[in-house]
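The values are calculated or read from the model by the stated rules, or taken from the named source; none is laboratory data. Being a predicted model, the structure only gives us computed values, none of them experimental. Cβ coordinates were reconstructed from backbone atoms using ideal geometry, including for glycine residues, and neighbour counts include every protein chain displayed. SASA here: full protein model, heavy atoms, side chains in, ligands and nucleic acids out. Shrake-Rupley method; radii C 1.70, N 1.55, O 1.52, S 1.80 Å.
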Amino acid sequence: MVSDVHGNARDLARAGEGADALVCLGDLVLFLDYADHSRGIFPDLFGRENADRIVELRTARRFEEAREFQRGLWEGIGMDKAAAIEKAVRKQYAELFAAFPAPTYATYGNVDMPPLWTEYAGPGTTVLDGQRVEIGGWTFGFVGGGLRTPMRTPYEIGDEEYAAKIEAVGEVDVLCTHIPPEVPELVYDTVARRFERGSRALLDAIRRTRPRYSLFGHVHQPLVRRMRIGATECVNVGHFASSGRPWRLEW
């Protein structure tokens with residue numbers, strides 16, 4: 001089980017060793033590494049110094065200034081933003097999807113580009129979003145993406161659309177999502193020093209349907225990585241980009 005891969009193809013290729021299946025909860029793309037500002041699509045295009053500046057603005061939650069700064073950078077290089085980002089994402093996806101073992105079950109993260117996944121997912125990779133699948137006799141439900149934030153990452157959707165996908169999954173043994181339920185201890189990032197967006201609909205579903213596990217990622221340095229909500233064990237299985245270690249679920 002992995003989440004928040006963010007370009008770590010090397011360790012991803014070994015993540016499924018000894019397992020019956022690999023489950024990936026999204027965020028394959030590395031746009032900007034907040035721990036190493038020299039890594040990712042943004043510094044590849046604009047350099048380390050500009051990456052330092054964008055991280056500084058975002059960390060200070062000066063999101064409008066960050067967007068204005070980025071607009072100036074794109075205008076300065078005279079390059080079509082959407083085309084340049086898609087080209088860079090395609091390069092990462094080609095490497096990352098090739099690293100998936102068979103079978104892999106995957107859903108999207110908030111920084112992913114879902115329309116491209118069908119082009120890169122091989123026959124051993126099953127992509128699910130608002131859907132269920134049986135793995136080893138247990139039912140797994142998958143809901144991808146994130147909720148809308150000032151960061152405006154590629155796959156953010158509205159609360160109602162997200163809640164509809166949670167509802168479509170229904171009762172399962174293992175509820176797999178990219179973002180956590182809306183619990184302060186699970187959504188607070190201790191390094192970024194901010195609350196990320198969790199889902200109230202997910203929290204309600206956990207309380208109502210009582211899955212064995214709720215598994216997620218998204219928050220890279222959570223205040224609490226694991227806690228129980230009623231009968232459900234809630235686990236943040238990331239941050240794979242930095243740890244390189246999968247979280248194992250055995251039954």
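The figures follow:
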item: Sequence-separation-based contact order of segment 50-195, relative, with Cα cut under 8 Å and 6+ spacing, percent; result: 19 percent
item: Gyration tensor (alpha-carbon) shape descriptor, segment 81-159, a/c threshold 1.5; result: oblate
item: Heavy-atom surface of the chain, accessible at 1.4 Å and reported per residue (Å²); result: 47 Å²
item: Those trypsin sites (Lys or Arg not before Pro) in segment 21-101 that DSSP places in a loop and that have at most 16 other beta carbons within 10 Å; result: 61, 62
item: Fully extended contour minus Cα-Cα distance, from residue 231 to residue 74, at 0.36 nm per residue; result: 51.6 nm
item: Nearest 10 degrees, 0 to 90: helix 63-77 Cα axis against the chain principal axis; result: 60 degrees
item: Residues with amide H under 5 Å from that of residue 31, placed H, sequence gap 5 or more; result: 41
item: Helix 200-209 vs. the chain, principal-axis angle (Cα, 0 to 90°, nearest 10); result: 10 degrees
item: Carbon and sulfur %, accessible surface of the chain computed with the full protein complex present, 1.4 Å; result: 48 percent
item: The chain: projected area of the alpha-carbon convex hull, averaged over directions, in nm²; result: 12.5 nm²
item: Karplus-derived HN-Hα couplings along segment 130-143 (A = 6.51, B = -1.76, C = 1.60, θ = phi - 60°), whole Hz, x at Gly and Pro; result: x, 9, 10, 8, 9, 10, x, x, 9, 9, 10, x, 10, 9
item: Prolate/oblate/rounded label for segment 62-127 (Cα gyration tensor, a/c 1.5); result: prolate
item: Candidates 34, 188, 213: whichever shows maximal mean-square fluctuation once the chain is modelled as a Gaussian network with Cα springs under 10 Å; result: 34
item: Radius of gyration and Dmax over the Cα atoms of segment 13-149, both given in Å; result: 17.4, 55
item: By accessible area with a 1.4 Å probe, ligands and nucleic acids excluded, highest first: order of 172, 191; result: 191, 172
item: Whole-Hz couplings from phi, Karplus 6.51/-1.76/1.60, listed for segment 13-22; x for Gly and Pro; result: 5, 9, 5, x, 4, x, 9, 6, 7, 10
item: Listed residues 138, 251 arranged by accessible area, highest first, probe 1.4 Å; result: 251, 138
item: Solvent-accessible area of residue 224 with every protein chain in place, 1.4 Å probe, in Å² to the nearest 10; result: 40 Å²
item: Over segment 83-126, relative contact order from alpha-carbon pairs under 8 Å, at least 6 apart, %; result: 50 percent
item: Helix axis angle, 81-99 relative to the chain longest principal axis, alpha carbon, degrees; result: 40 degrees
item: Amide H contacts under 5 Å for residue 143, placed H, 5+ residues apart; result: 130, 176, 177, 178
item: Three-way shape label, segment 132-251, alpha-carbon gyration tensor, a/c 1.5; result: oblate
item: Solvent-accessible surface (1.4 angstrom probe) belonging to residue 126, in square angstrom, nearest 10; result: 60 Å²
